[in-house]
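Any read-out appearing in this document is the output of simple, stated calculations on the displayed coordinates, not a laboratory observation. Predicted model only: the values in this text are computed from it and were never measured. Backbone-built Cβ (ideal geometry, glycine too); neighbour counts: all protein chains shown.
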Amino acid sequence: MAAFSLNIQKHIESGLVASGKFDGSHACLTAVTSGGNILVHSPHRQPQIKNNDSEQPDGRLSWSGELAELQIDSQVTAICTGHLGEDERDILLIGTATHILAYHVEDNADIFYKEMTDGVLYITIGKLGWLSDQVAVVGGNSSITVLDSKGIEIFWTVVGDIVTSIAIFDFEGDHENELLIGTKDFEIKLLKEDAIVWDTKETASITALAGLSNKQFAYAVGNGTIGVYEGGQRLWRVKSKHRAVSIRNFDINGDGVLELITGWSSGKVDARSCNTGDVIFKIQLSTGVAGIVEADYRRQGRPDLVAVSISGEVRGYAPGTTMDAPEPGEIMRELMSKKQALQMELRQRAASVPNMYHHTKLAVSLISARGAARLGVAAGPGLLVHCAIVFAEGVFEGETLVAHPNKPQGF
């Protein structure tokens with residue numbers, strides 16, 4: 001069961017959720033609202049901080065109890081939290097179609113405001129192996145830009161397509177982080193300085209990347225597929241009819257091994273084994289997931305897994321959480337699934353006819369000729385093939401082809 005839950009009564013934009021310790025010690029939740037503003041929720045905010053607010057009337061941030069809103073004049077396309085430079089306090093990075101803003105929430109002041117000619121579609125903060133300090137990595141319409149703590153560009157390279165996701169992690173296992181990027185044209189590329197050292201192509205636009213452990217990383221694509229690679233080899237993948245909104249690593253069952261956490265557009269949050277993809281934990285939110293973060297919201301000295309829905313529902317789960325007590329929504333889903341299975345069985349029995357074609361076989365052939373694969377399906381006497389569904393990775397749009405052959409004459 002959830003360690004805590006609350007509702008911030010705001011509509012949250014999908015995929016635009018982050019957490020940070022803006023004063024260096026207290027965890028805050030940050031999200032983009034439907035109005036385009038930045039919402040900051042601080043459950044441990046002290047009343048005396050209000051004095052500081054009144055001393056800074058020109059600040060962008062306006063507090064009301066535990067909540068504050070940061071007014072942004074443009075549509076927000078990306079947010080990220082982390083610390084740059086020597087200050088251990090996290091800052092908030094905000095991206096729009098034309099600029100990036102670095103904001104200090106605790107000081108209620110801009111750090112830098114920089115024009116980005118290629119736009120801002122994704123931001124992350126981390127330590128790259130070939131640079132000495134923490135940096136901000138910005139993905140644009142066709143390029144990657146690396147900024148230092150003052151907003152100065154220290155690295156830039158062309159990617160070739162729209163950047164949709166970025167992860168910084170140790171791909172090669174040499175204790176030096178590389179830069180992993182996903183693009184709209186289905187590609188995942190690994191950069192070391194300005195060289196591409198590994199790349200692969202998936203079956204749809206890359207929507208999320210997350211570094212795991214032991215040279216593993218997770219990915220999600222726009223057709224509902226998630227999976228894990230290790231050292232450039234794919235370990236597994238699964239496909240859902242729903243879209244994966246957020247992926248990250250977290251030790252949800254407290255066994256010392258990180259799991260892959262996925263938040264879905266359906267409101268489901270599940271945890272899978274990074275090695276096999278087996279589901280070991282799942283819960284259901286009332287509406288679609290907006291984002292998943294780690295945050296020590298209860299000040300226990302270790303972070304909880306915090307899931308945020310698009311309707312503003314917030315739930316936290318501590319390491320060691322089990323599914324012994326299913327969530328009410330999950331119970332209803334299981335009952336509905338059983339009901340549908342029983343109804344299907346009843347319809348099949350009601351429509352049963354004498355099985356006069358018991359020994360009839362279906363013949364399937366697959367041959368390649370002139371660079372094409374030719375699939376043939378034939379039924380025995382008296383039977384018709386009404387529909388054929390073919391699943392093939394990277395061959396058909398959405399990986400699926402459905403064919404409805406014409407009914408032959410005489411039937």
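Listing for the model above:
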read-out: Distance in nm between pseudo-label sites at LYS201 and SER337 (7 Å out along the Cβ direction from Cα); value: 3.5
read-out: Among ARG347, ARG374, ARG315, residue whose mean-square fluctuation peaks in a GNM of the chain (springs only between Cα atoms under 10 Å); value: ARG374
read-out: Chain lengthening between ARG234 and ILE389 when straightened (0.36 nm per residue, less Cα-Cα); value: 53.3 nm
read-out: Residue order, fewest to most beta carbons within 10 Å, for MET344, MET1, MET116; value: MET344, MET1, MET116
read-out: Highest-fluctuation residue, LYS339, LYS361, LYS21 considered, GNM on the chain with Cα pairs under 10 Å; value: LYS361
read-out: Relative contact order [Cα under 8 Å, 6+ residues apart], region 173-275, whole percent; value: 16
read-out: FRET E, pair GLU345, ILE280, Förster distance 25 Å, beta-carbon r, rounded to 0.05; value: 0.25
read-out: Under 25 Å from LYS361, Cα to Cα: lysines that are on another chain or at least 8 residues apart; value: LYS407
read-out: Gain upon complete extension [GLN71, HIS99; 0.36 nm per residue less C-alpha separation]; value: 8.6 nm
read-out: Evaluated over region 110-252, the Cα radius of gyration and Dmax, each in Å; value: 14.8, 44
read-out: Correct option for mean projected area of the Cα convex hull in nm² [calculated from the coordinates] among (1) 26.0; (2) 18.0; (3) 29.2; value: (1)
read-out: Relative exposure of HIS99, HIS41, judged by other C-beta atoms within 10 Å (fewest first); value: HIS99, HIS41
read-out: For VAL245, VAL32, VAL385, order by how many other beta-carbon atoms lie within 10 Å, fewest first; value: VAL385, VAL245, VAL32
read-out: Cα centroid of region 86-108 to Cα centroid of region 134-206, whole Å; value: 21
read-out: Principal-axis tilt of helix 328-350 within the chain, Cα atoms, nearest 10 degrees; value: 10
read-out: Pairwise Cα inverse-distance average, inverted: Kirkwood Rh of region 184-268 (Å); value: 13.5
read-out: Approximate shape of region 135-213 as ellipsoid semi-axes (Cα gyration tensor, √5λ), whole Å, largest first; value: 19, 16, 11
